[in-house]
Amino acid sequence: MKMLKASVITMGVLILTTLVILIVTISNRWSANISPKISSQALKTTSVYDEVISLPQGAYIQNLILADNQIVLQLSWPDGRKGLLLLDVSTGRKIGTISFQ
């Protein structure tokens, strides 16, 4: 009976130890993924963009999508027209516009 009791206590301690190790490992990996990774070049740059981009007359931004190395602004006009404005992420410059009729 004493051997059974010792075995149960040992198994309980092993299960709790394994659970604690698992929780610590998960929390360490999770916090490592959350922390922002800033490159040294980004820290040296004082200004990323110096561009002023004007929206077409009467247009307003309906949605913004980040795709590859581009920012796509979905534009709408009060009369129902729709269009896209494409921007380069690295330079902040306008790539072009697409209008839908």
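Brief remarks on what is shown
- Stretching the chain fully between residue 101 and residue 27 yields a gain of 21.5 nm (0.36 nm per residue, less the alpha carbon separation).
- Taking other Cβ atoms within 10 Å as a rough exposure proxy, 99, 54 sort from fewest to most as 54, 99.
- Length gained when the stretch residue 89-residue 68 is fully extended (0.36 nm per residue, less Cα-Cα span): 6.7 nm
- Taking label positions 7 Å along the Cα-Cβ direction at both residue 81 and residue 8, the computed distance is 8.0 nm, reported to one decimal.
- Sequence-distant residues sharing a close amide H with residue 95 (under 5 Å, placed H): 86, 87, 88
- Its residues counted as N, region 53-100 yields a C-alpha radius of gyration over 2.2 N^0.38 Å of 1.09.
- Using C-alpha pairs under 8 Å with a sequence gap of at least 6, the mean separation divided by the residue count of region 53-100 gives a relative contact order of 28 percent.
- Region 59-101-region 1-19 distance, computed between alpha-carbon centres (Å): 63
Values quoted throughout were computed directly from the atomic coordinates according to the rules given, and no laboratory measurement underlies them. The shown structure was predicted, so the numbers you read here are calculated from the model rather than taken from an experiment. Cβ: placed from backbone, ideal geometry, glycine included. Neighbour counts: every protein chain shown.
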